[in-house]
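See structure below.
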Amino acid sequence: MSPIRKVIAIGLDGLAFQIVEPLLQSGGLPHLARLRDLGGYARLATTLPAQTPVAWSTFATGVNPGAHGIFDFVGRDPRAYRVELALNRYQQTSRLSPPKVVNLRRAAPFWDNLSAAGIPSIVLRCPCSYPPDALRGRQLAGMGVPDLRGGFGTATFFTTAADCLAGESELVQHVVIDGVGGIETTIRGPRQARGDLECRLSIRVDRAARRATVQSDGDSAPVTVREGEWSDWLRLRFKTGLLSSVRGMARFYLSRIEPQFELYASPINFEPAAPLFPISSPPSYAGELADAIGPYYTTGMVEDHNGLSNGRLDEAAFLDQCHQALAERERMMLHELARHDEGLFFILFDTPDRLQHMFWRYRDTDHPANRGRDRGDFAQVIEEHYMACDEIVGRALAHADDQTLVIVLSDHGFGGFRRGFNINTWLREQGLLALKCGHAPEECTADGLDAIDWRQTRAYSIGLSGIYLNLAGREGQGTVTADEAPRLASEICQRLTGLADPATGEIGVRVAVPRGQAYHGAYVGEAPDVLLKYAGGYRSSWATALGGLGATSWEDNTRLWSGDHIVDPELVPGVLFMNRPFDTSAASMIDMAPTILAALGPGKTAAMEGRSLLL
């Protein structure tokens with residue numbers, strides 16, 4: 001067998017074995033079947049929790065979460081009991097200089113080892129790569145890159161309906177159409193202490209042609225958008241001073257013109273050639289890529305699932321955006337594969353994950369999210385998307401020769417999300433969490449942390465994966481001593497393991513474990529003290545993610561976000577295909593960095609916990 005000169009690794013986020021395997025058998029995934037026949041196929045063990053930033057950080061580093069420091073999308077400031085984003089943070093080193101972005105994934109990625117060995121890498125859209133790593137080659141950051149307002153993604157909804165209120169992660173701009181079809185308005189950009197920066201927009205509505213034209217201060221060319229369609233990118237400029245400005249760009253979806261005008265603007269992305277913070281390595285690469293393939297999404301979360309959840313986009317509009325995002329990512333891939341002669345090429349396609357989150361209810365007719373809703377004709381959307389991904393794999397294979405190792409993998413699988421567990425409500429029922437006088441659990445879904453009586457609380461939950469003890473010396477008003485902590489964590493695990501949902505009679509929590517049983521490494525102390533492994537169909541509730549409570553411990557999930565994967569990792573392995581023989585018996589995400597390093601020569605580092613799978 002020829003020596004390996006280059007690796008093509010393609011991540012397909014969230015591909016589930018229970019969909020992949022029947023499609024393989026029926027001939028629906030011919031290119032993945034070809035990889036299986038050349039080398040092999042295996043279910044790929046994922047991380048605890050089975051969550052995108054956690055799993056891909058283990059892929060990149062070859063270590064468990066306790067050694068790389070990524071445990072969830074969100075964490076907390078224990079002194080202030082405040083929710084924080086857990087992928088990166090901004091440090092203000094001087095009042096005269098802009099803040100510095102710090103990546104909270106703290107173990108070195110394996111492409112550092114390739115760079116040290118003089119081997120080039122191209123790494124596109126890997127989660128937790130913001131700010132981008134300095135490497136020999138090119139990198140474009142992925143999940144973790146914010147929108148221009150600094151969050152995961154805040155959209156803007158322009159409407160003539162005066163009674164329209166903002167939904168989750170969106171702003172509403174109420175507009176008036178003048179006698180000649182004109183609208184003068186603004187879109188809000190970067191947040192500042194003195195108020196949000198704004199960019200002026202002029203919109204011209206053509207009722208007869210069922211379209212609108214949008215012009216901004218930041219772009220000499222307007223964009224035209226037809227009813228039921230997405231626009232091209234519109235550049236936006238937000239003035240920060242007399243001669244200075246911040247640049248971004250957005251796409252618009254025209255929902256309808258009458259009876260109420262409704263225009264949706266995507267979250268404001270960085271303009272690749274002039275990002276507010278570097279999003280590529282070298283910094284000029286983001287703009288060079290845009291010159292080659294056109295403008296592209298830069299935010300870490302591309303697909304506007306909140307737009308669908310809030311009713312601003314319908315399923316067809318969201319699906320159209322998913323298709324466009326998939327095609328855009330493929331253009332990136334083909335551009336780079338055309339000049340990839342040696343070393344590593346990696347790209348992640350996120351769209352399968354986002355699409356399954358929002359369309360899983362079409363696989364489950366009794367899902368609570370279907371009640372009272374017209375389900376439409378989207379029953380085969382997920383399978384069709386898998387087949388579209390297979391076609392992309394086929395086009396990548398055209399760039400592989402007999403000295404190429406091709407890897408296609410997913411970070412976790414998928415399943416339904418029917419019932420949510422309000423952990424903080426359960427902790428209150430167990431006498432481990434107290435609310436201040438005058439507060440009822442059902443009133444604390446959004447601001448639960450402010451309502452908690454911390455001096456009477458011994459445990460609480462923030463995020464999607466576990467429980468923190470209210471530890472003295474760590475938390476601001478801690479009540480649990482260091483001597484008491486191990487016993488309390490063990491007691492909570494015992495109460496949770498095998499816990500049933502009284503409404504269904506089903507086990508909701510399969511197992512709960514102390515963090516010391518799940519992780520090891522320098523950052524274990526930042527993990528939740530107790531980790532929950534849910535049964536299929538269950539997950540931490542929406543309120544729990546931000547520290548809130550609910551009226552009852554268990555509740556239906558009625559949101560369109562109807563599929564998920566943050567359950568017992570044994571239930572949602574990813575999938576792995578390679579064109580060379582490999583050990584399929586116990587493949588794990590933690591083995592991927594050692595496998596790629598073994599293929600290209602340097603071999604695994606002493607810190608890496610996995611093994612090469614190649615035979």
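All of the numbers you see were taken from the coordinates with simple rules; none came from a lab. What you are looking at is a predicted structure, and each value in this text was computed from that prediction instead of being measured. Note that we place each Cβ from the backbone using ideal geometry, even for glycine, and neighbour counts take in every protein chain shown.
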So, first residue touching a residue at least 24 places away in the same chain (Cβ under 8 Å) and within 14 Å of Gly167 (Cβ to Cβ) in the range 290-319, second residue of a type outside the set (D, E, K, R) and in a helix (DSSP H, G or I), Cβ within less than 6 Å, six or more apart or across chains; the pairs are His305/Met358; Leu308/Phe318; Leu308/Met358; Leu313/Gly307
Sort out which residues of the range 332-365 are of a type outside the set (Gly, Ala, Ser), over 24 Å from the mean Cα position of the chain (by Cα) and within 30 Å of Gln403 (Cβ to Cβ), and write them in order of number.
His335, Leu337, Arg339, His340, Asp341, Glu342
Just to verify a result, which residue in the range 44-102, among those that are among the charged types (D, E, K, R), in contact with a Gly (Cβ under 7 Å, 6 or more places away or on another chain) and touching a residue at least 60 places away in the same chain (Cβ under 8 Å), is nearest to Ala9 (Cα to Cα)?
Asp72
Looking only at the range 532-542, which residues are surrounded by fewer than 24 Cβ atoms within 10 Å (Cβ to Cβ) and among the hydrophobic types (A, V, I, L, M, F, W, C)?
Ala535, Trp542
Please go through the range 333-347 and pick out each residue that is in contact with a strand residue (DSSP E or B) (Cβ under 6 Å, 6 or more places away or on another chain) and more than 20 Å from Leu600 (Cα to Cα).
Met333
Every residue in the range 366-404 that is among the β-branched types (Val, Ile, Thr) and under 26 Å from the mean Cα position of the chain (by Cα), please.
Val381, Ile382, Ile392, Val393
Within the range 153-186, can you find the residues that are under 23 Å from Met301 (Cβ atoms) and assigned to a strand (DSSP E or B)?
Ala155, Thr156, Phe157, Phe158, Glu170, Leu171, Val172, Gln173
Which helices (runs of 4 or more DSSP H) does the range 28-112 wholly contain that include 2 or more residues that are closer than 30 Å to Gly547 by Cα and among the small types (Gly, Ala, Ser)?
52-61, 65-68
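In the range 237-255, is there at least one residue being in a loop (DSSP other than H, G, I, E, B) and under 28 Å from the mean Cα position of the chain (by Cα)?
yes
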Could you tell me how many of the residues in the range 568-615 are crowded, with 20+ Cβ neighbours inside 10 Å, under 21 Å from the mean Cα position of the chain (by Cα) and in a loop (DSSP other than H, G, I, E, B)?
2
Filtered residues of the range 54-103 (kept if under 30 Å from Ser612 (Cβ atoms) and in contact with a Ser or Thr (Cβ under 7 Å, 6 or more places away or on another chain))
Val54, Ala55, Thr58, Asn64, Pro65, His68, Ile70, Phe71, Asp72
